Ligand code: FES
Ligand code: FES
Ligand code: FES
């Protein structure tokens, strides 16, 4: 006989997570979504801002998302307790109507920006909006140069973080549109830590550039300077810049630059909400190109990354990452730095 | 690392449960049903009475329900051991045919009454038929005034008990047919304990009466006296009386009265067999009304109660009820009294 | 609260298992199959022989079966590590290309014979091909007298072993084609242990012979000598001979003889790969009869054995066999001897 043991669940609570896309929440919807193992109800108030409440009535644990909305208040459908957007109970139809002190639900700090609805899962008093990853480029570019996608994955969120922190996988896993032709793997990625941001960067000479860029460069067949830079923000939010330029090193002014955001929000230990958004500095007014580019990115993820990462999870089962003794390669530098940092932050938080 | 712990399973064994409806068992059927985590085989003997055996052959644990019936005996299909309705082995085709002492299956005390097949899951010597909840009204009324329904639910049986013990939910959860228009919630339900029965009762003045009754009262639009009374019998068997009367307080003789039975039989910790039956004292000969009324009750349960209670279970996960620290309201008085009583009985039984 | 405990997984590692049929592996296929809880990749090398590698890249645990084959090497699709058929890493595209010492996957000893691909799951140095069960009759007979089948079962492999070691079940479970008419159960099966092989044998006089044989005997309606003999080889590989003869005791020369192989390979504790093959000494050139006979065997198994054994597993749940205190019958002699032997071997191996 052996005891079953289980690695402790490890989510940062004092952290900003993307809970939903702006487009997922119209004025009617009661959206329920599980974030780091807590079900949360999201709805848009009459002033257009977003409210978020624990999706669990304190009386008998019915989901408030099954309830009825009136103004900015939600009435639990099971026995009629009513809650406002702060989670305070405003009406108890039972007995003398007195509201028990404990009769309240947790409400969450929310910030909506740049097409994302961010949620702070921990202590509200510690919520610091200045810590939200800067995605403002998504608002600065015209709609025809911006897109947002939501995807669902059956894996631990750290496998998805690893995927972005080690972009050498593009050499091997991806089809021609974004393939890097084996150029990334030989490079030692440049890993930097500044404040709480960990960056990893690859610079290389491509000949020709990635197909995605090549056709929009002056000389499609010729060599181009390229780079990837990923900036990781805890717990699993990443800004990825991808660029190509010819006859210059000023990517932003002379070249083609993509501003991608890969944001992973754990649902449970083995499932993850994946939010992807992208803007660019070229063909900014071309809505048709924009749609095709977003569709191409989604397809690449769904057909190439997702099956690989879910298979990886399947093979790992419920074992921990270090427990399986992974062999580390030079391209792992960024991902491993992030895993170590996250472990530190988790230890600090649980201390 | 943390150890996974699990709340102990808690079913009363020395108790009467409804295992099936009379109509589920014809003379051919070998019905298998899991009751408080034990699979049981039910069949109707040649004399019409019901036999119940543990549905697990003592040899290699094949289900006897896959076996072959001859007279009142069942032959295991795997290696041919034969058992009578007492669970005694009557034939061993192997070797010299001697029957090993331990070669027997548990048989159960059964009582069939009023359209229900009751089973005693514990020690047979303790089975006392006088403890079976009185449902005789189901036999006293004509067939055109009686109906029985079986429903299956993915939740702990105590959530279904709570649902009936706190009928204030009708104010909030249910559609017009049985809605009580917010009249119940403000009342303090009258909770009584007499012997081993816990009763909860609501009396109110409705204007008009519940739609179900109103159209059959002398003055459909006018006010009526109404009451609900639930009598709970351990472990999870409830008799609910619902009535309306105008210009009188004699519900039974002057008014409309429903005699409902809500009987919950745990299958496993998180799944429950729900048996519902109903009779009435009005339109007793109207079979068409009867069918429509039963269909309406079933629909209300399937569309309104069941999704809510299963969602509640989903949200509670495998956590215990008290562990989640429910906020209690005045309407919980009956349900909580029942939960406490059941805990006491479980402690006594396991002592 | 109670701790969940779990019986230890018990598979022999230093043992030969059938992993696949020869026909399952053409020259292109990357076949993945889980054997005793390990995922293994199988492919046919350019020389036609079979390679087997742990189907888990040592870098990030991606399945190599999702990789790309070139010659006899496999490149992991996720980050491009390349492995040869010995599991050695032959190319690391990352950084300076140095191959970390630990960068290798387990490879397995393989032997392909008589339509089966055998795998040795333990220490390669202990792999002794002379220990592989002799199935050579499958190669000695013409194709028209031989067949192979693969079946998948949701049960522990030992339940399938029990099924073959106690053929008295044929008296009770099976339809007319292979029914033994109650003749086996009264016999005390003759159990022998010789070296590491445990044999169980039934000899009886059938009147008439099993339907399968009767029509091919000189006098179909008359009595015939018959026997069943099963030779068990650890861990769960069985050779079953079935025969009938009239006016002689020389089954092989004067009678009809079937040479069946029942080989169980655990996938997990509760799922099993079942390989069945059969040859015979009569109608050897009749391909049509061969196809019908194989189809009949498969149908008997799928419709009769499989549902019973899976139901047995369902009823046993995760409990251990002895823990459930089975009642033993005389026909269990062979199966119990095998269970005891297997326990001994498991103890020796884990010592
Ligand atoms: S569960 Fe919400 S009011 Fe009862
Ligand atoms: S399992 Fe019933 S006789 Fe063997
Ligand atoms: S997982 Fe195979 S090379 Fe990375």
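Here, each number is a calculation from the coordinates, and none is a lab measurement. Just so it is clear, the model here is predicted, and its values are computed rather than measured. Heads up, the Cβs are rebuilt from the backbone with ideal geometry, glycines too, and the neighbour counts pull from every protein chain shown.
Spin-label model, residue A:46 to residue B:131: label points 7 Å out along the Cα-to-beta-carbon direction sit 5.8 nm apart.
Compute the FRET efficiency between residue A:139 and residue A:219 as 1/(1 + (r/R0)^6), taking r as their Cβ-Cβ distance and R0 = 35 Å, and round to the nearest 0.05.
The value I calculate is 0.60.
All Cα-Cα separations within the range C:206-351 were binned at 10 Å from zero, giving a P(r) of 9, 30, 34, 19, 8, 0, each value a whole percent of the pairs. Over all distinct Cα-Cα pairs of the range B:180-220, the Kirkwood formula returns a hydrodynamic radius of 12.1 Å. Top mean-square fluctuation among B:334, B:67, B:320, Gaussian network model of chain B, C-alpha springs under 10 Å? Highest fluctuation among the options: B:320.
What per residue convex hull volume, in Å³, do the alpha-carbon atoms of the range C:16-131 yield? The partial results should precede the final answer.
Values: hull volume 11.8 nm³, N = 116.
Considering the Cα atoms of the range C:16-131, their hull volume per residue is 102 Å³.
Helix A:306-316 sits at what angle to the longest principal axis of chain A, using alpha carbons and giving 0 to 90 degrees rounded to 10? Helix A:306-316 sits at roughly 70 degrees to that axis. Remark: C:344, C:269 ranked as C:344, C:269, counting other beta-carbon atoms within 10 Å and listing the fewest first.
Inter-label distance, residue C:325 to residue B:324: 3.7 nm, where each label sits 7 Å from its Cα along the C-beta direction. Treating only the Cα positions of the range A:78-163 as identical point scatterers, give the base-10 log of I(q)/I(0) from the Debye formula at each q in 0.12, 0.18, 0.27 Å⁻¹. Log-scaled intensity ratios, in q order: -0.65, -0.98, -1.27. Helix C:333-350 and the longest principal axis of the C-alpha atoms of chain C enclose an angle of approximately 20°.
Each copy carries residue B:318; placing its label point 7 Å along the C-beta direction from Cα gives inter-copy distances of 0.7, 0.8 nm, listed from smallest up.
In whole percent, what relative contact order does chain B give with Cα contacts below 8 Å and a gap of six or more residues? Show your work: numbers first, answer last.
Working: 676 pairs, mean separation 63.0, N = 351.
Over chain B, the number comes to 18 percent.
Extending 7 Å from the Cα toward the beta-carbon at both residue C:90 and residue A:343 defines two label points whose distance is 3.5 nm.
Result for chain C in a Gaussian network model with C-alpha springs under 10 Å: among C:120, C:202, C:322, the largest mean-square fluctuation is at C:322.
Using mean Cβ contacts within 10 Å as the protection proxy, how do A:90-97, C:18-25 order, highest first? Each step should come with its number before you reach the end.
On the way: A:90-97: 16.2, C:18-25: 18.4.
By packing density, highest mean first, the sequence is C:18-25, A:90-97.
Rounded to the nearest 500, the helix-only mean residue ellipticity at 222 nm of chain C stands at -5500 deg cm²/dmol, with each DSSP H run of n ≥ 4 adding -39,500 (n - 2.57).
Arrange A:321, C:42 by Cβ neighbour counts within 10 Å, fewest through most, would you?
On the way: A:321 17, C:42 24.
Going from least to most buried by this count: A:321, C:42.
In nanometers and ordered shortest first, the copy-to-copy spacing of the residue A:220 label point, defined 7 Å from Cα toward Cβ, is 7.6, 7.6. In summary, the range A:236-291 shows an alpha-carbon radius of gyration equal to 1.48 times the 2.2 N^0.38 Å reference for compact globular proteins.
Counting Cβ atoms of other protein chains within 10 Å of each residue's Cβ and taking the mean over peptide C:56-67 gives 6. Over every Cα atom in the range C:167-277, the radius of gyration and the widest Cα-Cα span, Dmax, amount to 15.1, 48 Å. Sorting C:273, C:216 from the fewest to the most surrounding beta carbons within 10 angstrom yields C:216, C:273.
Give, in whole angstrom and from largest to smallest, the semi-axes √(5λ) of the equivalent ellipsoid of chain B, with λ running over the eigenvalues of the Cα gyration tensor. Walk me through the numbers on the way to the answer.
Details: eigenvalues 326, 124, 55 Å².
They are 40, 25, 17 Å, listed largest first.
Taking a ≥ b ≥ c as the square roots of the Cα gyration tensor eigenvalues, with a/c under 1.5 meaning rounded and otherwise prolate when a/b beats b/c, else oblate, which class fits the protein assembly as shown? Mind showing how you got there, number by number?
Working: a/c = 2.35, a/b = 1.00, b/c = 2.34.
Oblate, since a/c reaches 1.5 and b/c is not below a/b.
Inter-chain neighbour count for B:159-168: the average number of beta-carbon atoms from partner chains within 10 Å of each residue's beta-carbon is 2.
Can you tell me the 0 to 90 degree angle between the C-alpha axis of helix C:287-300 and the longest principal axis of chain C, rounded to 10? It is inclined by approximately 80 degrees.
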